[in-house]
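A.B. asks: The following block contains the structure, expressed as C-alpha cells.
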Amino acid sequence: MTTKLSYTDGDDALTIADGGGLTVAQNMTMATGTSIILDAEPDSDHTATGIMASMQVGEDISAFELVYIHSDGDVMKADASATGTMPAVGIAPAAITDTNYGNILLRGFVHDATWNWTPGGRLYVSETAGAITQTAPSDDGDFFQVVGIALTADIGYFTFDTTTIESAG
C-alpha cells in the first residue's frame, strides 16, 4: 500500500490517502487560531480518540482497563485498594499482552456500549484492578482519584491528573 500526501490551498491543508498514517520527524507548529479537533462522541463501540502513547505492559491488560506506571517502567492495572498501584496515568483502548507495547490513552474519549454511566458523573479508579467506577472508593487506606467524567451513558472523557487522596475510612 502506498501512502499519498497532497496539499491544497483551500480548506483542507493536507490529505493522507490509502489509510496511511502521518509521521512528523521534526517539530510541528500550528498557526494562531488553529486547533486539533477530536471526535467527542466516537460512533463505533470499543473505540477511542485522543492523545496516546505507546507503552510496554508488565501484565496482560484488557481493553478499557486503567493503568499506572510500575517501578520497572512498565504499565500495569491501577487499583484503588492496593498500595503502589496508583495513580492511574491512562486507559488501554485495546487489549495488550504482557511484555508487549500498546497504545495507552492519556487524554480523550472512549466509547464502550457496555457502560451505563450517569452523564455528567465523575469516573474513578475502582477497587477492582484496572476497572472504572462512578462510586468513589471510601474504605480505609483506599486511594481516591478522579480519572474522567461521563459524557453519555457509554462515552467517557478521560484526563489523568495524578493527584490521589488516601481515604481515612
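The values are calculated or read from the model by the stated rules, or taken from the named source; none is laboratory data. A quick note: this is a predicted structure, and the numbers were derived from the prediction, not measured. Virtual Cβ from ideal backbone geometry, glycine too; neighbours counted across all protein chains shown. These accessible areas exclude ligands, DNA and RNA; they are computed on the full protein's heavy atoms, side chains included. Shrake-Rupley method; radii C 1.70, N 1.55, O 1.52, S 1.80 Å.
A.B. asks: Could you grab me the full set of residues in region 117-135 that are part of a loop (DSSP other than H, G, I, E, B) and surrounded by fewer than 17 Cβ atoms within 10 Å (Cβ to Cβ)?
C.D. replies: Matches in region 117-135: THR118, PRO119, GLY120, GLY121, THR128, GLN134, THR135.
A.B. asks: Would you tally the residues in region 127-145 being of a type in the set (A, V, I, L, M, F, W, C) and more than 24 Å from ILE96 (Cα to Cα)?
C.D. replies: Result for region 127-145: 3.
A.B. asks: May I ask you to say which residue of THR135, THR128 is free of Cβ contacts under 8 Å to residues at least 12 places away in the same chain and under 15 Å from LEU66 (Cβ atoms)?
C.D. replies: THR135
A.B. asks: Among the residues of region 68-76, is any more than 17 Å from the chain's Cα centre (by Cα), open to solvent by 60 Å² or more (accessible area, probe 1.4 Å) and within 28 Å of LEU38 (Cα to Cα)?
C.D. replies: no
A.B. asks: Can you give me the number of residues within region 34-46 that are surrounded by 13 or more Cβ atoms within 10 Å (Cβ to Cβ) and either farther than 25 Å from PRO119 by Cβ or touching an Asp or Glu at 6+ places or on another chain (Cβ under 8 Å) (or both)?
C.D. replies: Residues in region 34-46 being surrounded by 13 or more Cβ atoms within 10 Å (Cβ to Cβ) and either farther than 25 Å from PRO119 by Cβ or touching an Asp or Glu at 6+ places or on another chain (Cβ under 8 Å) (or both): 1 in total.
A.B. asks: Ok, one more. Can you tell me which residue in region 78-116 is surrounded by the fewest Cβ atoms within 10 Å (Cβ to Cβ), limited to those that are assigned to a strand (DSSP E or B) and more than 13 Å from the chain's Cα centre (by Cα)?
C.D. replies: By that ranking, first place goes to TYR101.
A.B. asks: Based on this model, can you work out whether THR49 counts as among the β-branched types (Val, Ile, Thr), modelled with pLDDT of 85 or more and either outside any loop (DSSP other than H, G, I, E, B) or surrounded by 13 or more Cβ atoms within 10 Å (Cβ to Cβ) (or both)?
C.D. replies: Yes, satisfied.
A.B. asks: Within region 4-33, take every residue that is open to solvent by 70 Å² or more (accessible area, probe 1.4 Å) and of a type in the set (S, T, N, Q) and give me the one that is modelled with the lowest pLDDT.
C.D. replies: THR23
A.B. asks: Given the residues SER138, SER54, which is the only one that is surrounded by fewer than 18 Cβ atoms within 10 Å (Cβ to Cβ), assigned to a strand (DSSP E or B) and of a type outside the set (Asp, Glu)?
C.D. replies: SER54
A.B. asks: Here is a list of conditions, (1) β-branched (Val, Ile, Thr); (2) without any contact (Cβ under 8 Å) to a residue 60 or more places away in the chain; (3) within 17 Å of ALA40 (Cα to Cα), and THR85 meets all of them except one; can you say which number that is?
C.D. replies: (3)
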